[in-house]
1. Mind checking which lysines have their C-alpha under 23 Å from residue 277, skipping anything on the same chain fewer than 8 residues away?
2. Less than 17 Å from a label point 7 Å out along the Cα-to-Cβ axis of residue 10: which backbone N atoms in segment 144-188 qualify, by residue?
3. If each of residue 222 and residue 107 carries a label point 7 Å out from its Cα toward its Cβ, how far apart are those two points in nm?
4. Could you check how many percent of all C-alpha pairs in segment 114-271 are farther apart than 23 Å?
5. List the longest stretch of the chain that has no exposed loop site; here a site is one of the GluC sites (Glu not before Pro) assigned by DSSP to anything other than H, G, I, E or B, with at most 16 other Cβ within 10 Å.
6. Please name which of 108, 132, 156 has its Cα lying farthest along the dipole of segment 92-160 towards the positive end, using unit charges on Cβ (Lys, Arg +1; Asp, Glu -1) and the Cα centre as origin.
7. Semi-axes of the equivalent ellipsoid for segment 120-190, please: Cα gyration tensor eigenvalues, times 5, square-rooted, ordered largest first, whole Å.
8. How long are the semi-axes of the equivalent ellipsoid of segment 1-149, defined as square roots of 5 times the Cα gyration tensor eigenvalues? Whole Å, largest first.
Amino acid sequence: MILITSASGHVGSAILRSLVQAQLPVRAFVHSEQGKEQLSRAGVHDIVVGDLLDPASLRAAFRDVNQVFHIGPPEHPRELAIGQAMVDLAQEHEVSQFVYFSVLQPFISSLRHHWNKLLTQEYLVDSGVPYTVLHPTMFMQSPQRAIQSGVMAAPYSPDQPMSVVDLDDVAEVAVKVLSEQNHLRAAYDLIGDEPLTLRQRAEIVSRVAGRSIEVQQIPLETVTAQLPRSTLIEAYGSDSLGRMFTYYSRHGLTGSSNVLGWVLGRRPTSYEAFVRKSLGH
Ligand SMILES: NC(=O)c1ccc[n+]([C@@H]2O[C@H](COP(=O)([O-])OP(=O)(O)OC[C@H]3O[C@@H](n4cnc5c(N)ncnc54)[C@H](OP(=O)(O)O)[C@@H]3O)[C@@H](O)[C@H]2O)c1
């Protein structure tokens, strides 16, 4: 049995879909009854509703589990504590593999969610629990909104190169690392293409869709001001996102697609191929 956390989120639901299609036995850990309903409608039967901060609900979810796919909630102030609790339970239950969904270049210390993921990774490696770590970069975004509005916008410099990856490729990797034998002690960068600036991505969308797309850098304050600030989690998230987009504007976020090509056994989906797929071309 594979336990997957944050299972009703953007990443979790895509990965869960692939695991179900591959007929792997999965248990989904979700935060709310709405998350449970969403996954039930998608054909998932074994679902535990609980809080990643609540040891009792986590412990209940570990019954008969021998593999874990842990996705931490994004921009969460307790991300490290959650990761450590998951590793502790995996050790106690003697799981055969803990797959940790980290991020590209977790060592960037000015980005709290990268750093929290790095420390979680360190805790996992030191625990002795057999592991596989995934380092996905930013996901390719659907081009539909840009095509409808004629504007492709982001809160970071349109001229800094960014590596992007198709979430479908990442979900394919999830199935491979959980079902094949040779992925223990591995850490894989998941990158789909050569680094592209926002301007270059807009040019590709424009060429494929056959309409001109304007590029806009949204002021950071516009994005963070729209986020709710009523709780510690939300204030932390807003600060964390602010740091992330400032970093992207200064340095971009780039890496190589060599490893993903090796894991998939084929060339990863390029940004242009992703846009064509999204538009049904
Ligand atoms: N987006 C990217 O380009 C990218 C790239 C690399 C890595 N990542 C990483 O991928 C991970 C997942 O991101 P995402 O975009 O899938 O996030 P998401 O869509 O916001 O999903 C997060 C999920 O976590 C659940 N959750 C939050 N707090 C919880 C708690 N205390 N207990 C149990 N569940 C809880 C949420 O449930 P509720 O909504 O019901 O609270 C939600 O289903 C993050 O760690 C992120 O850093 C993202």
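Bear in mind these aren't lab numbers, they're just calculated from the coordinates by the rules spelled out. As the structure is a computational prediction, the values presented were derived from the model and not from experiment. A quick note on method: Cβ atoms are made from the backbone with ideal geometry, for glycine too, and the neighbour counts reach across all protein chains shown.
1. Excluding near neighbours in sequence, the set is 176.
2. The answer is 144-147, 152-157, 162-171, whose backbone nitrogens lie closer than 17 Å to the label point.
3. Roughly 3.6 nm, to one decimal.
4. Numbers: 6166 of 12403 pairs.
Taking all Cα-Cα pairs of segment 114-271, the fraction more than 23 Å apart is 50 percent.
5. Numbers: sites that count: 94, 180.
For GluC sites (Glu not before Pro) (loop position, at most 16 other Cβ atoms within 10 Å), the longest site-free span of the chain is 181-281.
6. 156
7. Values: eigenvalues 220, 48, 14 Å².
The answer is 33, 15, 8 Å, longest axis first.
8. Working: eigenvalues 108, 93, 39 Å².
They are 23, 22, 14 Å, listed largest first.
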